[in-house]
Amino acid sequence: MAIVSSNAGREPAKPASRLVDPNPTPGASEENPGANPELIQREDGLRPKRFADYIGQAELKQVLAIAIEATRSREEALDHVLLYGPPGLGKTTMALVLAEELGVRCRITSAPALERPRDIVGLLVNLQPRELLFIDEIHRLNRVAEEILYPAMEDFRLDLTVGKGTTARTRSLPLAPFTLVGATTRAGSLSSPLRDRFGLIQRLEFYGLDDLQAIVQRAAGILELQLEQEAALEVARRCRGTPRIANRLLRRVRDVASVRGHQQIGRALVDEALSLHRVDGRGLDASDRRLLTLVLEGYGGGPVGLDTLAAGLGEDASTLEAVVEPYLLQLGFLQRTPRGRIVTPAGRAHLGWAAA
Ligand code: ADE
């Protein structure tokens, strides 16, 4: 697989997208970016490439596998797919798996890179039939880009305005049938006209312990680490239900193992490495504990409004809501109520506070 930086606009300094080709042609050049055999980023070595390697998200895989099979038999582009859920659960990975399963290339970009109309236009006109266009953080698309996407998604048509003022006219250009895969941590922030144009809307869930343990074991195999089952389970317990974090923690464990000269990695070593990085037994990190502590110390355990919390922590409210809170809610340490956030008895107990 090859990943190549390329720019849909004309300023090479700021790449608007990169391209992933499941079947790269050796020796291809920058002018033919889809086939450039450039090395893959480090993280990508651990990414599953096919449904068969992708652990967990059973329902999502089932829905997408059926859609792919039906699409293949009709020889059409796959319907547009919206993937939503907390960061790190595998939205980008799933888009790449879809491309691999369909045997097509995937153009990867993110909404903030599509500043000017020509950024999105450049991407759309360069898509080949049935290719995937992956737009991360799609809730951040600007209005103009969104309006360009409507006819593109619905009728594979680009409506361009030519000229200005009274002489302005609309010209339509046909596009290749393609699949837009949108990813967002905030499905509620998508405008409804955009959301309604996706045929498949799927949520990614936090992973269960068994799946996480299997993901950690698989990554350990790829990294050629001898990781005991108990050690894999300990990483799984402490990764916030999130494979990206599991792989990150595993790399920190590998650092400690190599410094200590351990060939075999057991649970004690995982504990040592993760304590060093202040990741506690349930996977909470410093920002989780800061949030819970602020609610407990500053507001008697809540309720307290999100904006007040964000101001107190010096964080962006939407980041707190989409990135920090979901795992605390999932653990049952925090509750969202109409009057604000509350730390639950389980959350109090975890931080060593006596019952209220
Ligand atoms: N690495 C990261 N996410 C994964 C997943 N869902 N399955 C297997 N390996 C992974």
Per the filter on segment 247-267, residues open to solvent by 80 Å² or more (accessible area, probe 1.4 Å) and under 24 Å from residue 289 (Cα atoms) are 248, 267
Considering residues that are closer than 21 Å to residue 185 by Cα and open to solvent by less than 50 Å² (accessible area, probe 1.4 Å), the number found within segment 286-312 is 7
Please tell me if residue 327 is farther than 20 Å from residue 207 by Cα and not hydrophobic (A, V, I, L, M, F, W, C). no
Within segment 232-246, can you find the residues that are crowded, with 24+ Cβ neighbours inside 10 Å and assigned to a helix (DSSP H, G or I)? 232, 234, 235, 236, 243, 246
Going by what's in this entry, would residue 311 be described as farther than 17 Å from residue 209 by Cα and small (Gly, Ala, Ser)? yes
When you look at residue 178, is it in contact with a Leu (Cβ under 7 Å, 6 or more places away or on another chain), within 21 Å of residue 322 (Cβ to Cβ) and either more than 16 Å from the ligand (Cβ to nearest atom) or in contact (Cβ under 8 Å) with a residue 12 or more places away in the chain (or both), yes or no? no
For segment 89-102, which residues satisfy the criterion of being open to solvent by 10 Å² or more (accessible area, probe 1.4 Å) and farther than 11 Å from residue 20 by Cα? 90, 91, 92, 93, 101, 102
With the condition kept exactly as written, say whether any residue in segment 193-204 is among the basic types (Lys, Arg), touching a residue at least 60 places away in the same chain (Cβ under 8 Å) and within 16 Å of the ligand (Cβ to nearest atom). yes
So which pairs qualify, if the first residue must be in segment 339-356 and more than 12 Å from residue 297 (Cα to Cα) and modelled with pLDDT under 95, the second must be open to solvent by 40 Å² or more (accessible area, probe 1.4 Å) and part of a helix (DSSP H, G or I), the Cβ gap must be under 7 Å, and the two must be at least 6 apart or on different chains? 355/345
Among the residues of segment 269-286, is any within 30 Å of residue 355 (Cβ to Cβ), small (Gly, Ala, Ser), part of a helix (DSSP H, G or I) and within 16 Å of the ligand (Cβ to nearest atom)? no
What single numbered condition from (1) within 16 Å of the ligand (Cβ to nearest atom); (2) under 19 Å from the mean Cα position of the chain (by Cα); (3) open to solvent by 60 Å² or more (accessible area, probe 1.4 Å) fails to hold for residue 218? (2)
Being open to solvent by 70 Å² or more (accessible area, probe 1.4 Å) and under 22 Å from the mean Cα position of the chain (by Cα) is the filter here; which residues of segment 131-171 pass it? 140
Identify the single condition in (1) assigned to a loop (DSSP other than H, G, I, E, B); (2) under 30 Å from residue 141 (Cα atoms) that residue 224 does not satisfy, given that it satisfies every other one. (2)
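The values are calculated or read from the model by the stated rules, or taken from the named source; none is laboratory data. Every value quoted in this text rests on a predicted model; they were computed, and no experiment measured them. FYI the Cβ positions are ideal-geometry reconstructions off the backbone, even for glycines, and counts take in every protein chain you see. When the accessible area is computed, the model is the full protein with side chains, heavy atoms only, and any ligands, DNA or RNA have been set aside. Shrake-Rupley method; radii C 1.70, N 1.55, O 1.52, S 1.80 Å.
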